[in-house]
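Derivation of every value follows stated rules applied to the coordinates shown; laboratory data play no part. Note that the coordinates shown come from a computational prediction; the quantities given were computed from them, not determined experimentally. FYI the Cβ positions are ideal-geometry reconstructions off the backbone, even for glycines, and counts take in every protein chain you see.
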Amino acid sequence: MKYAVLLLALMFVGVATPSMAQKPKPKGQVPQKLTFEFEGKTIEVAKEDFTKQMNWFDAKKACKNLGSGWRLPSIDELRAMYEQLYLKGKGNFQSTWYWSSSERGAYSAWDFSFEFGEAGNSYENGTGHVRAVRTLPSHPQELQSPKGQSIGSGILLFLSLIFLFAIIGKFKKQKEKNSNNPSNEKSDSNVEKTSINRPNYFQLAKKMQLLPYGAKSVSNGEIWPNIPKIGKYDGLIGMFLLVIHYEKKANTSHCQRIIKIQYERAYDIMQQLVELGFISQTGTKDYRINFSDFNKVLNKLENLKN
C-alpha cells in the first residue's frame, strides 16, 4: 500500500509540474560514478575505503553518518562488488576482508575476502575494512513534446504502473522465499566458494600422525571437540599447521572454515601457535608464517608429545 501511495504522488507531481522534465542537461563531462548492478538496481560505491579499520558496529555507524543514503553493503552486494568491480581492476579495493551489514548469529556478522573471493564470519567486535554504498534512485527520462506536457506525464504514468507491478511481483517472490526458508540465512555451502582443490586434511593429518590417538571425524567433517591434548596444547594444533602450510595463509577465519570448528576455539589455537613460535600475529585475524620447512614443524610437534 505504501508503494502505491508513493507512486500516485509521483504521478501527480509529473502531471502538475511538467517543467521538471524539461530541465536542460548539463554541458561538459560529468564525473563517472563507481557503480554495479544488483537485483535490478544500480548501486553506487564510495571511491575509497575508510582510512582505518573498525568493528562492525562502528562500520555501520560510519557509513550511515555519511548521509544521503550511504550504508554498509550486504554480503550479497559485496560478492557482486567483487565480481563486477574488483576482478576487473576497478574500485581501488584491497585484497582483504570487508565488513557486510548481514549478521550471522548473536555475536558475529558476515564479511567477504576480496583476496579469496569467499564469505566468512567474524566477531562483531573484531576489526575489518569498510566501503560504503548507496542505492541510486531511478529517474526515467521523459520525452518532450512541443507543448511540453502530455507526452512526458503520460510516459511517467506508464512507467510508474510498470514499476508498481514489478514491486508487487518482487514482494510475492520474497514472501514465497521467506516461507520456504524461515531463517532467511544462506548455508555455508552456498555462500562460500572454494578456489582451489584441497586435500582431505583430516585423513592427511592422521596419516602424518599430526592428530592424537582417538581423534575422529563426524559425517559433516567436524573434528570431535574432546580429542586429547598435545602436552598443554589443543589437539588440533598439528592439523592447523598442516592447513597453514598447504594454504600458505595463516588466517583465523580461513582455518576455522576449512577445519569446521567454532571460531572461539580456532582463535585460541592460533594464539597457541603464536606462543610456540610457528606464527606471529599481524592483525586481528591475520598472522605471519614463521616456518618454511615442514619437517622441522613435525619434529617440534613430536617433542611436545614427550
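Taking amide H positions as placed in the peptide plane 1.01 Å from N, state which residues far from N121 in sequence (5 or more) or on other chains have amide H under 5 Å from it.
Sorted by chain and number, the residues that satisfy this are D111.
Calculate, in nm to one decimal, what I162 and S68 gain on full extension: separation in residues at 0.36 nm each, minus their alpha carbon distance.
Stretched out fully, the I162 to S68 stretch lengthens by 31.2 nm.
Find out how many positive minus negative residues lie around Y107, taking Lys and Arg as positive, Asp and Glu as negative, among other residues whose Cβ is under 11 Å from that of Y107.
With Lys, Arg at +1 and Asp, Glu at -1, the net is -2.
Okay, which of region 225-255 sit inside 15 Å, backbone N to the point 7 Å along the Cα-Cβ direction of E275?
Only 229-238 pass the distance filter.
May I ask you to compute the full-extension gain from K172 to Q209, defined as 0.36 nm times their residue separation minus their alpha-carbon distance, rounded to one decimal in nm?
Full extension of this stretch gives 7.8 nm more.
Going through the cross-link list K232/K260; K207/K232; K249/K300; K64/K90; K232/K305; K33/K88, which pairs have a Cα-Cα distance over 18 Å in this structure?
Pairs exceeding the cut-off: K232/K260; K207/K232; K249/K300; K64/K90.
Stick to Cα atoms and the Kirkwood definition of Rh, then tell me Rg/Rh for region 201-305.
Radius of gyration over Kirkwood radius for region 201-305 works out to 0.92.
Quick check on the exposure proxy: order W56, W110, W70, W99 from fewest to most C-beta atoms within 10 angstrom.
W70, W110, W56, W99
Using the count of nearby Cβ atoms within 10 Å as a rough guide to exposure, how do C255, C63 rank from fewest to most?
C63, C255
Run the numbers on region 34-135 and let me know its relative contact order in percent, using alpha-carbon pairs under 8 Å that are six or more apart.
37
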